[in-house]
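The values are calculated or read from the model by the stated rules, or taken from the named source; none is laboratory data. Please read these numbers as outputs of a predicted model, since none were measured by experiment. Here the Cβ positions follow ideal geometry from the backbone for every residue, glycine too, while neighbour counts run over all protein chains shown. Note: accessible area is taken over every heavy atom of the protein model, side chains too, but ligands, DNA and RNA are not part of it. Shrake-Rupley method; radii C 1.70, N 1.55, O 1.52, S 1.80 Å.
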Amino acid sequence: MGRIAVIQVLALCSILLISLPNFASAQLRQNYYANICPNVETIVRNAVRAKVQQTFVTIPGTLRLFFHDCFVQGCDASVMIASSGSNTAEKDHQDNLSLAGDGFDTVVKAKAAVDAVASCRNKVSCADILTMATRDVVMMAGGPSYPVELGRLDGLSSTAASVGGKLPKPNLNLNQLNAMFAANGLTQSDMIALSGAHTLGFSHCDQFANRIYNFSKQNAVDPTLSPSYATQLQQQCPKNVDPRIAINMDPNTPRTFDNVYFKNLQQGQGLFTSDQVLFTDSRSKPTVNTWASNAQAFNNAFITAMTKLGRVGVKTSKNGNIRLDCSRFN
């Protein structure tokens, strides 16, 4: 083979490698189940609503579960798998131990509701059910409803070893956040929009204790925190507090999906360093200010970011299937 031909072959291979991730996401589309299980979105939504009526934790628990699933090996419900035998699964990695059980239970109940319809049984993936349920909890908390792309298969692998370094930590700076999200094909704007999900949910005190007690030699309290908010956090999370104690991520509207998260950042009320840095870093501050004053712009950006996140690591028939039980491989 001539040198020019070799170069052409190598160039073609490079193009194929670059475009490979798009092959899987190309199988996603709205109304994927129209001819398979036409009422699936209604079935899932009803199951989710029933679960939300039992406990509000369903909402932030499901939303966080989706993030933790997609950031590790893609959106394939691998975080749902229970550890067994010699395999320690994703959900038992240290970074996933704080995932609320109600998030998992939401998917399990929705899967049972779907499979209770004979024509739908074993035809809808756990990964798609989690995606639909996530959209639904956002809507039920007052956030936007949006069309979801479906057609994912469930992953065939789930290991704790695959989690390390894949999930954002509370102390990351903007460069670290951007790099982690970029690894999943997400921009800085996407990252800021998805961070807005912290308008819901809660955190355990140990995740931010350093900011209110032991920030640096010069400052015991992080100076980017509002002094009144720092005092409030110290009252809610005294030293040596029970590690099971958790507080709201959003101190003002913790049960509503809204743009108050960004208003909080403007007031020094970002719970994590990785929240407040979005306002203190001049590169991300304009976006925070825009969304603090324009709820619709934030909602639109959130929908865009969630849609892009939902395309990460989609499995095909070569490396995925539809699980009969979301917590176990077939």
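How far, in nm, would the chain grow between THR42 and ALA82 when pulled straight, counting 0.36 nm per residue and subtracting the alpha carbon separation?
That pair, THR42 and ALA82, stretches by 11.6 nm at full extension.
Summarising the label geometry, the points placed 7 Å from Cα in the beta-carbon direction at LEU97 and ASN300 lie 4.4 nm from one another. Once the Cβ-Cβ distance of ALA112 and GLN232 is raised to the sixth power relative to R0 = 56 Å, the FRET efficiency obtained is 0.85.
For SER317, SER195, SER228, SER216, give the ranking by accessible area with the largest first, probe 1.4 Å.
Listed by decreasing accessible area, they come as SER317, SER228, SER216, SER195.
With R₀ set to 45 Å, the beta-carbon distance separating SER119 from SER293 gives a calculated FRET efficiency near 0.40.
With the charge dipole of the chain set up from +1 on Lys and Arg Cβ and -1 on Asp and Glu Cβ about the Cα centre, the Cα lying farthest toward the positive end among the listed residues SER157, GLN218, VAL108 is that of SER157.
Checked against a 28 Å cut-off, the cross-linked pairs LYS123/LYS169; LYS123/LYS318; LYS111/LYS263; LYS51/LYS91; LYS91/LYS263; LYS109/LYS263 give Cα-Cα distances beyond that limit for LYS123/LYS169; LYS111/LYS263; LYS91/LYS263; LYS109/LYS263. The gain in end-to-end length when the LEU172 to VAL241 segment is fully stretched comes to 22.5 nm, 0.36 nm per residue minus the alpha carbon separation. Extension gain, ALA161 to GLN27, is 45.4 nm, computed as 0.36 nm per intervening residue step minus the present C-alpha separation. Remark on VAL312: its backbone amide H falls under 5 Å from those of CYS75, a criterion applied only to residues 5 or more positions apart or on other chains, H modelled at 1.01 Å from N. Kindly list the residues of the range 289-321 that lie in the label zone of ASN252, defined by a backbone N under 20 Å from the point 7 Å along the Cα-to-C-beta vector. Flagged as within label range: 289-302. When restricted to Cα atoms, the chain yields an Rg and a Dmax of 20.9, 74 Å, respectively. Using a probe radius of 1.4 angstrom, the carbon and sulfur fraction of the accessible surface of the range 212-316 is 48%.
Across the range 231-236, computed HN-Hα scalar couplings (Karplus, 6.51 cos²θ - 1.76 cosθ + 1.60, θ = phi - 60°) run 5, 4, 5, 5, 6, 7 Hz from first to last residue, x flagging Gly and Pro. Remark: the range 303-314, residue by residue, has Karplus-estimated 3J(HN,Hα) of 4, 4, 5, 5, 5, 5, 4, x, 8, 6, x, 5 Hz, where x stands for each Gly or Pro and the curve is 6.51 cos²θ - 1.76 cosθ + 1.60 at θ = phi - 60°.
Out of every Cα pair in the range 174-310, what percent are spaced more than 20 Å from each other? Distances greater than 20 Å cover 46 percent of the Cα pairs.
Residues in the range 53-62 carry Karplus couplings, in order, of 5, 7, 7, 5, 4, 3, 5, x, x, 6 Hz; the curve used is 6.51 cos²θ - 1.76 cosθ + 1.60 with θ = phi - 60°, and Gly or Pro positions show x. Remark: spin-label model distance HIS204-LYS285 equals 3.5 nm, labels positioned 7 Å along the Cα→Cβ axis.
Return a whole-number percent for the relative contact order of the chain, with Cα pairs under 8 Å and 6 or more residues apart as the contact set.
Relative contact order of the chain: 24 percent.
Sites listed here are trypsin sites (Lys or Arg not before Pro) in the range 241-330 whose DSSP assignment is loop and whose Cβ has at most 16 other Cβ atoms within 10 Å: ARG244, ARG255, ARG283, LYS318.
Close amide H contacts of SER83 (hydrogens built in the peptide plane, cut-off under 5 Å, sequence separation of 5 or more or a different chain): ALA89.
With contacts defined as alpha carbon pairs under 8 Å and 6 or more residues apart, what's the relative contact order of the range 174-310 in percent?
33 percent
Once backbone amide H atoms are built at 1.01 Å from N, LEU150 has ARG29, GLN30, ASN31, TYR32 as its partners under 5 Å, excluding neighbours fewer than 5 places away on the same chain.
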